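Chemist: One structure coming up, written as structure tokens, with questions to follow.
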Amino acid sequence: PILILTIPFAGSAESSKGERASADEDEDGPGKKRSPSLSSLEAKVARLDTDLLDHEHRSAYDARVQHLDSVRIRLREEVYPSLKLEQAKADKREGGMVRTFESTAASAAHALADETAGRIAELGLILDEIEREAGDKATCDEQRIEGWLSEIKSAQRALAEEKKWRQGADDKVMQQVITTREALQRTVLESLGHV
């Protein structure tokens, strides 16, 4: 709100009326009007100048003290504490937001660290499982290879035995063939008379 002050000059309207009346009476007497003289005009100007200075330095100061200083005091007593209270509330809200942000950031960092640690542990377990399966597979492969090799060796032994047996059988058959052939030749030669 704008405060408009209207302050009349102290005694300016009343004194100017009284001066005008006394100046008129001095010169022509009571009841007759006459133009003011230079000295009376100078006196009026001096009085007006004095009234103006009085208004500027006393009345305006008194009005300022009465109206503006009371507003300034009221501001200082009522508004400044309210502003300080609002500032304290704003600082408290800002502190709460900062704490909430820091708490959220710490929780996010903690969750990220936990997730990273979990992933590293999971990858370690997967690598261990792969190595174990690779070892198991290598062991299985070795066992399979050993099985095949033992089967091959047993097959070789069986083939060697079979070969021996066949050779033995072949030798017997060959011996029988030779014996039979010799017997046949003898029989043929005997029948032909060559013996």
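Chemist: Where does each of Trp148, Trp165 land when they are ordered by accessible area, with a 1.4 Å probe and the largest first?
Modeler: From most accessible down to least: Trp165, Trp148.
Chemist: Can you tell me the dipole magnitude for the range 94-140 around its Cα centre, using point charges on the Cβ only (Lys, Arg +1; Asp, Glu -1), in Debye to the nearest 20?
Modeler: Computed charge dipole of the range 94-140: roughly 80 debye.
Chemist: Rg to Rh for the range 109-160: what is it, with Cα atoms only and Rh by Kirkwood?
Modeler: 1.54
Chemist: Sticking with this structure for a sec: Does the range 114-195 classify as rounded, prolate or oblate by the C-alpha gyration tensor (a ≥ b ≥ c root eigenvalues; a/c under 1.5 gives rounded; else a/b over b/c gives prolate, otherwise oblate)?
Modeler: Verdict is prolate for the range 114-195.
Chemist: Next question. Please calculate the 1.4 Å probe accessible area of Ile130, with all protein chains present, and give it to the nearest 10 Å².
Modeler: 100
Chemist: Next question, about the same structure. Can you compute 3J(HN,Hα) from phi for each residue in the range 122-139, using the Karplus curve 6.51 cos²θ - 1.76 cosθ + 1.60 with θ = phi - 60°, rounded to whole Hz and x for Gly and Pro?
Modeler: Using θ = phi - 60°, the values come out as 5, 5, x, 5, 5, 4, 4, 5, 4, 5, 5, 5, 5, x, 4, 5, 4, 5 Hz.
Chemist: Give me Rg over Rh for the range 48-91, both radii from the alpha carbons and Rh done the Kirkwood way, two decimal places.
Modeler: 1.39
The values are calculated or read from the model by the stated rules, or taken from the named source; none is laboratory data. As the structure is a computational prediction, the values presented were derived from the model and not from experiment. Positions of Cβ are backbone-derived with ideal geometry, glycine not excepted, and every protein chain shown enters the neighbour counts. We work out accessible area using only protein heavy atoms, side chains counted, and drop any ligands, DNA or RNA first. Shrake-Rupley method; radii C 1.70, N 1.55, O 1.52, S 1.80 Å.
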